[in-house]
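Encoded as structure tokens, here's the structure I'll be asking about.
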Amino acid sequence: MSTHTHDRHDCSHSHAHDQPCPSETEEEVSIQQEQEALNRIVRAFRGYQYHAELEVARWQRNYLQLSERHKALLPGQPAKFAAARQAVFSNTFFIKSLLQAFDEANGGPVPAAVASAVPTDCCTEAEAALVSPSDVEKVRYALKNVMRDWSEAGAPERSQSYGRIVAELQSRFADWPKDRPPPRVLVPGAGLGRLCLEIAKLGFEAEGNEFSYFMLLTSSFLLNHTYEANQFTIFPWALSNCNQLTDADQLRPVTVPDIVPGDMLAAPGLLSMTAGDFTEIYAGPAHSASFDCVATCFFIDTAHNIIEYMEIIWNLLKEGGVWINLGPLLYHWADSHLYMAEQQLSIELSLEDVERVAAAIGFQCLKREMVPAAYTANLRSMLQSSYRCVSWTMVKPAAASKIAADAAANHKS
């Protein structure tokens, strides 16, 4: 199924860069919490092969329970099991390369004090058994995201979302003076970084923000440690038996990355990433009126309180700055009471209410349409699903325009 999710349990291990300095004890506790959280995610990556091989063993075990007559009707199954194990081996090689790069880079996007205590070597069976089913699934989901963001196979899907956002950016900033610094664009929920790269390669100054260590580790590897196109081969659907037309479809390879990220930038310094929670990092005055555009793609429904997101975006934008958004409203915390002990805030508004609140904050809508967009879809699957996304461009009016708009509104009332 084409789903758009986030790492629900990762919220506690974001680190904001613009918060007041904690005391030494608080800092030590924070580092320890971050290490524990990161260790959980790294353990999940390290345990991929163990859990994947358990899944293939389950298929084989069930097959062997069939009668000889039924097994004779499925002569290709043993070969499928062998091919699946080869696919798992290839995925494991990609993951080990990712973890090795993380280790050699002393954590990459993760603070060195946090990364230093996180093991990245092979996972023992006992350690792998500690990985929760949800984290097992998140590693597999990360591989599907790699397909979406960094393969030729993901290009049609990227064009539905990233393509629209980039085209709108180009249109809105077509007359930007060449003697001025490039427009600054913030991409919250940057995921694996492809949208940020697409924006930066056009000459914009793109800043991505991501809080999930699953995404941060993978994006850092792809952006900074891949050196040739199609360097790795992965099998995103190798462990997905349901709704497959053929075994060959299920076990088909995908090569990544489709481009070399380092060769794409128009100039050095145009692409950066921050690690941490969007609301913690960007809510303060340090970032007020610092961006010409905020581009959100499949992001705003990750909020506990979507109104807070909109207020932060408003504060981040300069006067005349634009907010380009594309995505659904699959509120990610709506069912958190089913899997988390503590009650989580979840404000779930209709699109009508979201747009009404945006207008009340001060945004003016320049463009709005409903568009189809898939997310990590398997185009050869018997199950096809797509979101009917809202795509809008809103502007934070210049002060004079805002005063005029308020006066007009008051006159009508």
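The values are calculated or read from the model by the stated rules, or taken from the named source; none is laboratory data. Here the structure is a predicted model, which is why all the values come from computation and not from measurement. Heads up, the Cβs are rebuilt from the backbone with ideal geometry, glycines too, and the neighbour counts pull from every protein chain shown.
Just one of (1) among the aromatic types (Phe, Trp, Tyr); (2) assigned to a helix (DSSP H, G or I); (3) closer than 30 Å to ILE361 by Cα trips up TRP323, so point out which.
So TRP323 meets the others, but not (2).
Here is a further query. In the range 306-363, which residues are β-branched (Val, Ile, Thr) and either under 24 Å from the mean Cα position of the chain (by Cα) or within 21 Å of ILE281 (Cα to Cα) (or both)? Give the derivation first.
If we filter the range 306-363 for residues that are β-branched (Val, Ile, Thr), which is where we start, we get 306-307, 312-313, 322, 324, 347, 354, 357, 361.
Passing the criteria: ILE306, ILE307, ILE312, ILE313, VAL322, ILE324, ILE347, VAL354, ILE361.
Looking only at residues that are of a type in the set (S, T, N, Q) and in a strand (DSSP E or B) in the range 241-261, which one is farthest from the chain's Cα centre (by Cα)? Show your work before the answer.
Pass one, the range 241-261, residues of a type in the set (S, T, N, Q): 241, 243-244, 246, 250, 255.
Filter once more, so that each one left must be in a strand (DSSP E or B): 244, 255.
Working: GLN244: 25, THR255: 19 Å.
This residue is GLN244.
Look at the range 44-84 and say how many of its residues are among the polar types (S, T, N, Q) and not in a helix (DSSP H, G or I).
Restricting attention to the range 44-84, the residues satisfying the condition of being among the polar types (S, T, N, Q) are 49, 60, 62, 65, 67, 77.
Now restrict to residues that are not in a helix (DSSP H, G or I): 65, 67.
Of the residues in the range 44-84, 2 are among the polar types (S, T, N, Q) and not in a helix (DSSP H, G or I).
Of the residues PHE291, PHE278, which is at pLDDT 95 or above, over 24 Å from PHE214 (Cβ atoms) and not charged (D, E, K, R)?
Working: PHE278 fails: over 24 Å from PHE214 (Cβ atoms).
Of PHE291, PHE278, the one residue that is at pLDDT 95 or above, over 24 Å from PHE214 (Cβ atoms) and not charged (D, E, K, R) is PHE291.
What are the pairs, 6+ residues apart or on separate chains, where a residue within the range 340-351 that is surrounded by 13 or more Cβ atoms within 10 Å (Cβ to Cβ) has its Cβ under 7 Å from a residue that is not small (Gly, Ala, Ser) and not in a loop (DSSP other than H, G, I, E, B)?
Close Cβ pairs satisfying both conditions: ILE347/ILE306; ILE347/ILE307; LEU349/ILE306; LEU351/VAL390.
Of all residues in the range 195-228, which are surrounded by fewer than 23 Cβ atoms within 10 Å (Cβ to Cβ), out of contact with any helix residue (DSSP H, G or I) (no Cβ under 8 Å at 6 or more places or on another chain) and over 30 Å from ASP179 (Cβ atoms)?
Once the filter is applied, which keeps residues that are surrounded by fewer than 23 Cβ atoms within 10 Å (Cβ to Cβ), out of contact with any helix residue (DSSP H, G or I) (no Cβ under 8 Å at 6 or more places or on another chain) and over 30 Å from ASP179 (Cβ atoms), the range 195-228 yields only GLU228.
Go over the candidates SER336, SER391 one by one and state the one that is small (Gly, Ala, Ser), within 24 Å of PHE173 (Cα to Cα) and either in contact (Cβ under 8 Å) with a residue 12 or more places away in the chain or surrounded by 16 or more Cβ atoms within 10 Å (Cβ to Cβ) (or both).
Values: SER336 fails: within 24 Å of PHE173 (Cα to Cα).
Among SER336, SER391, only SER391 is small (Gly, Ala, Ser), within 24 Å of PHE173 (Cα to Cα) and either in contact (Cβ under 8 Å) with a residue 12 or more places away in the chain or surrounded by 16 or more Cβ atoms within 10 Å (Cβ to Cβ) (or both).
Among the candidates LEU192, LEU186, LEU223, which residue alone is of a type in the set (A, V, I, L, M, F, W, C) and part of a loop (DSSP other than H, G, I, E, B)?
Values: LEU186 fails: part of a loop (DSSP other than H, G, I, E, B); LEU223 fails: part of a loop (DSSP other than H, G, I, E, B).
Being of a type in the set (A, V, I, L, M, F, W, C) and part of a loop (DSSP other than H, G, I, E, B) holds for just one of LEU192, LEU186, LEU223, which is LEU192.
Only one of these is under 28 Å from GLN170 (Cα atoms), in contact with a Ser or Thr (Cβ under 6 Å, 6 or more places away or on another chain) and surrounded by 20 or more Cβ atoms within 10 Å (Cβ to Cβ): ILE313, ILE324, ILE300, ILE306. Name it. Talk me through it step by step, then tell me what you get.
Working: ILE313 fails: in contact with a Ser or Thr (Cβ under 6 Å, 6 or more places away or on another chain); ILE300 fails: in contact with a Ser or Thr (Cβ under 6 Å, 6 or more places away or on another chain); ILE306 fails: in contact with a Ser or Thr (Cβ under 6 Å, 6 or more places away or on another chain).
Just a single option satisfies the conditions, and that option is ILE324.
Continuing with this model, one more query. So the check is Cβ under 7 Å with 6+ separation or different chains; which pairs have a first residue in the range 310-327 that's within 18 Å of ILE165 (Cβ to Cβ) and a second one that's of a type in the set (Asp, Glu)?
GLY321/ASP292; ILE324/GLU168; GLY327/ASP301
Still on this structure: Report whether or not SER381 is surrounded by 15 or more Cβ atoms within 10 Å (Cβ to Cβ), in contact with a Leu (Cβ under 8 Å, 6 or more places away or on another chain) and among the polar types (S, T, N, Q). Write out each step before concluding.
Working: surrounded by 15 or more Cβ atoms within 10 Å (Cβ to Cβ): yes; in contact with a Leu (Cβ under 8 Å, 6 or more places away or on another chain): yes; among the polar types (S, T, N, Q): yes.
When the stated conditions are applied, SER381 passes them.
Is at least one residue of the range 160-178 farther than 30 Å from SER288 by Cβ and either modelled with pLDDT of 95 or more or part of a helix (DSSP H, G or I) (or both)?
Scanning the range 160-178 turns up at least one residue that is farther than 30 Å from SER288 by Cβ and either modelled with pLDDT of 95 or more or part of a helix (DSSP H, G or I) (or both).
Has the range 193-201 got at least one residue that is under 17 Å from LEU317 (Cβ atoms) and modelled with pLDDT of 95 or more? Quick ask: steps written out before the conclusion?
So in the range 193-201, the residues under 17 Å from LEU317 (Cβ atoms) come out as 199.
Subset that is modelled with pLDDT of 95 or more: 199.
Yes, because at least one residue in the range 193-201 is under 17 Å from LEU317 (Cβ atoms) and modelled with pLDDT of 95 or more.
Follow-up. Starting from residues that are more than 14 Å from THR218 (Cα to Cα) and of a type in the set (Val, Ile, Thr), keep the ones in the range 100-119 and report whichever is modelled with the lowest pLDDT.
Looking only at the range 100-119, we keep the residues that are more than 14 Å from THR218 (Cα to Cα), and these are 104, 106, 111-119.
From what is left, the residues that are of a type in the set (Val, Ile, Thr) are 114, 118.
Numbers: VAL114: 45, VAL118: 54.
Within the range 100-119, the match that is modelled with the lowest pLDDT is VAL114.
Show the residue pairs meeting these rules: Cβ distance below 7 Å; 6+ apart or different chains; first residue within the range 264-291 and under 21 Å from ARG194 (Cα atoms); second residue surrounded by fewer than 14 Cβ atoms within 10 Å (Cβ to Cβ).
From the range 264-291, the pairs are THR274/HIS17; GLY276/HIS17.
Please specify each residue of the range 280-309 satisfying the condition of being β-branched (Val, Ile, Thr) and within 25 Å of GLN160 (Cα to Cα). Steps first, answer last, please.
Quick first cut of the range 280-309, residues β-branched (Val, Ile, Thr) only: 281, 294, 296, 300, 302, 306-307.
Correct list: VAL294, THR296, ILE300, THR302, ILE306.
Let me ask something else. Of the conditions (1) in contact with a strand residue (DSSP E or B) (Cβ under 7 Å, 6 or more places away or on another chain); (2) within 20 Å of PHE93 (Cβ to Cβ); (3) of a type outside the set (Lys, Arg), ALA200 fails just one. Which one is it?
(2)
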